[in-house]
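K.L.:
Handing you this structure, nothing more for now.
Since every read-out is calculated from the coordinates, none of them should be taken as a lab result. For clarity, every value in this text was computed on a predicted model and none was experimentally measured. No Cβ is skipped: glycine too gets one built from the backbone with ideal geometry, and neighbour counts run over all protein chains shown.
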Amino acid sequence: MVKICCIGAGYVGGPTMAVIALKCPSIEVAVVDISVPRINAWNSDQLPIYEPGLEEVVKQCRGKNLFFSTDVEKHVREANIVFVSVNTPTKTQGLGAGKAADLTYWESAARMIADVSKSDKIVVEKSTVPVKTAEAIEKILMHNSRGINFQILSNPEFLAEGTAINDLFKPDRVLIGGRETPEGMKAIKALKDVYAHWVPEDRILCTNLWSAEVSKLAANAFLAQRISSVNAMSALCEATGADVSQVSHAIGFDSRIGPKFLNASVGFGGSCFQKDILNLVYICECNGLPEVANYWKQVIKVNDYQKTRFVNRVVSSMFNTVSGKKIAILGFAFKKDTGDTRETPAIDVCKGLMGDKARLSIYDPQVPQEHIQRDLQMNKFDWDHPIHLQPTSPSTINQVIVASDAYEATKDSHGVCILTEWDEFKNLDYQKIYNNMQKPAFVFDGRNILDVEKLRKIGFIVYSIGKPLDKWLKDMPAVA
Ligand SMILES: NC(=O)C1=CN([C@@H]2O[C@H](COP(=O)(O)OP(=O)(O)OC[C@H]3O[C@@H](n4cnc5c(N)ncnc54)[C@H](O)[C@@H]3O)[C@@H](O)[C@H]2O)C=CC1
Ligand SMILES: O=C(O)[C@H]1O[C@H](OP(=O)(O)OP(=O)(O)OC[C@H]2O[C@@H](n3ccc(=O)[nH]c3=O)[C@H](O)[C@@H]2O)[C@H](O)[C@@H](O)[C@@H]1O
């Protein structure tokens with residue numbers, strides 16, 4: 001019987017292994033983690049992450065061929081295939097701080113695998129890692145292997161949060177990179193056989209190790225670049241009277257460009273786009289490719305610009321000050337259908353408004369109060385100037401309250417910012433919201449989900465990203 005163990009029960013390890021267990025009843029899958037609360041949650045009715053469809057999948061196989069455990073060593077020892085899906089955040093200290101991936105967790109997982117293994121294993125890189133990580137991992141494993149044969153594969157994950165289960169059920173492709181040796185090919189085949197339980201063979205792509213590692217960073221860089229491109233266009237649209245949605249629609253009709261991933265927004269967030277591009281930038285710099293590094297760095301700079309531009313627009317529209325004004329923030333997660341707030345643009349927007357002394361009333365259907373408070377109190381790590389941390393003074397947190405619904409959040413407010421595109425925000429009773437707000441009442445739609453004309457008829461002054469400005473906003477000072 002094939003036994004799989006996955007180290008890291010996070011946003012990737014949990015859903016990915018649950019789907020493997022569901023689709024491969026003959027394989028025993030153990031997901032292990034050093035975090036006791038996380039494993040307890042996986043074994044409870046309150047899963048540690050919110051992901052549509054995940055609960056149903058977990059309930060079908062948990063206790064049958066899917067197990068969550070903190071006994072990391074036992075399950076690693078027993079497995080034939082060990083996935084490593086630990087976090088690989090941006091380094092905040094030392095060499096490469098602010099850009100390079102921090103491989104501390106990966107290295108400790110690799111050392112542990114080497115220490116406890118008693119039989120041959122395939123070790124699969126599931127985490128997103130810098131190119132050539134497999135070589136470093138091989139060195140760690142071989143150094144301590146006591147004659148055990150380890151084959152390293154790169155099998156990066158392409159799921160997106162909020163649609164993870166669907167992405168795993170029907171992946172555009174599964175990518176497996178391995179050594180081009182007979183043993184390497186055998187390992188590739190073994191992993192391919194797992195995915196072949198439900199993924200059509202022509203969607204399982206096999207490459208060499210380095211191509212697989214680079215492809216993951218390249219895919220995220222290309223995706224993020226599309227958003228920065230459309231967001232850059234949104235600024236031009238506002239300046240000229242063009243409508244960015246019409247522009248996206250028009251260019252997306254070109255089959256070479258395609259219609260997906262062209263929604264202008266307050267900026268992209270999530271744990272990976274920024275981290276992976278910074279990682280790519282660092283790798284390019286280390287390989288003597290400053291022009292390539294600078295090209296990709298610009299994707300993040302435009303993203304930062306877009307968040308700043310949004311804050312400036314809010315402040316300048318409201319008579320150039322939000323001091324003491326109540327601003328309702330609808331949505332804090334980095335996108336809809338997830339409770340994840342890692343690198344959410346809402347953090348930067350809220351901190352920007354708090355910097356101008358606004359009072360914030362925040363509502364998100366999936367983000368608990370303590371996470372919002374934690375995120376807003378945390379120092380922001382400035383990737384561009386890694387030695388200068390931007391502290392949030394403890395007093396600023398008194399400017400924030402967390403509301404239990406959108407109506408409570410918006411009551412008596414001067415302005416409303418939509419920062420996450422949750423479906424429920426599309427269908428709120430905006431007349432009721434308007435009636436309960438201070439006047440003039442402003443809406444700043446950072447996700448372009450609202451019917452602007454309808455809101456203007458109610459009486460709101462509305463700003464939508466990349467859309468023609470109404471007269472009020474045109475008359476206000478220009479924003480940089
Ligand atoms: N979140 C996402 O949507 C995607 C993430 N990725 C990549 O997958 C990797 C994991 O990401 P997430 O699942 O979001 O991270 P996460 O932070 O949710 O989960 C990582 C887990 O690994 C555990 N861990 C760390 N070191 C460990 C060790 N030595 N032994 C056992 N457990 C250990 C942590 O306790 C944590 O629960 C990252 O490299 C990320 O870039 C790739 C595709 C999508
Ligand atoms: O490596 C990863 O972690 C993952 O990163 C992204 O997935 P994710 O960050 O979960 O979510 P996305 O749907 O890509 O959205 C990222 C951010 O971009 C924003 N976005 C997305 C699309 C768009 O058109 N406009 C836009 O502003 C979203 O609101 C969100 O803040 C990729 O889409 C996944 O393929 C990849 O596996």
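K.L.:
Order these by the 10 Å Cβ neighbour count, fewest first: Phe222, Phe169, Phe150.
P.N.:
Ranking Phe222, Phe169, Phe150 by Cβ neighbours within 10 Å, fewest first, gives Phe222, Phe169, Phe150.
K.L.:
Taking only C-alpha pairs under 8 Å that are 6+ residues apart, what is the relative contact order of the chain in percent?
P.N.:
13
K.L.:
Name the residues whose placed amide hydrogens come within less than 5 Å of the amide hydrogen of Ala441, ignoring near sequence neighbours (fewer than 5 apart) on the same chain.
P.N.:
When sequence neighbours closer than 5 places are left aside, the close amide H contacts are Ile461.
K.L.:
Mind listing the long-range amide H neighbours of Phe67? Cut-off is under 5 Å, sequence gap 5 or more, other chains count too, H placed in the peptide plane at 1.01 Å from N.
P.N.:
Under 5 Å from the amide H of Phe67: Val29, Ala30, Val31.
K.L.:
Please report the net charge: other residues with Cβ closer than 12 Å to the Cβ of Glu424, K and R +1, D and E -1.
P.N.:
-4
K.L.:
Another question, then. Before anything else, pin down the relative contact order of segment 242-475: Cα pairs under 8 Å, at least 6 apart, normalised by residue count, whole percent.
P.N.:
20
K.L.:
Arranged by the count of other C-beta atoms within 10 angstrom, fewest first, what order do Leu419, Leu175 take?
P.N.:
Taking fewest neighbouring Cβ atoms as first place, the list is Leu175, Leu419.
K.L.:
Further question: Using only DSSP helix segments of four residues or longer, with each worth -39500 (n - 2.57), what per-residue ellipticity at 222 nm results for the chain after dividing by its residue count and rounding to 500?
P.N.:
That comes out to -13000 deg cm²/dmol.
K.L.:
Test of understanding: extend the Cα→C-beta vector of Ser211 to 7 Å, then name every residue of segment 160-176 with backbone N under 15 Å from that spot.
P.N.:
Correct set: 174-176.
K.L.:
Quick check on the chain: of the DSSP beta bridges with both residues there, what percent are antiparallel, nearest 5%?
P.N.:
If we restrict to bridges inside the chain, about 5 percent are antiparallel.
K.L.:
Next question, about the same structure. Count the net charge of all other residues whose Cβ sits under 13 Å from the Cβ of Val131, scoring Lys and Arg as +1 and Asp and Glu as -1.
P.N.:
-2
K.L.:
Arrange Lys380, Lys216, Lys474 by Cβ neighbour counts within 10 Å, fewest through most, would you?
P.N.:
Lys474, Lys380, Lys216
K.L.:
Quick one: which of 305-314, 35-44 comes out on top by average Cβ neighbours within 10 Å, and what's the full order, highest first?
P.N.:
305-314, 35-44
K.L.:
Would you mind computing, in nm to one decimal, how far apart the modelled labels at Asn144 and Gln246 are, each placed 7 Å from Cα along Cα→Cβ?
P.N.:
6.2
K.L.:
5 Å is the cut-off here: which amide hydrogens, built 1.01 Å from N in the peptide plane, fall below it relative to Phe83, excluding neighbours closer than 5 in sequence?
P.N.:
Cys5, Cys6, Ile7, Val124
K.L.:
Add +1 for every Lys or Arg and -1 for every Asp or Glu among the other residues with Cβ under 12 Å from the Cβ of Asp412, and state the total.
P.N.:
It works out to a net charge of +4.
K.L.:
Counting DSSP beta bridges in segment 90-247, what percent are antiparallel, to the nearest 5?
P.N.:
15
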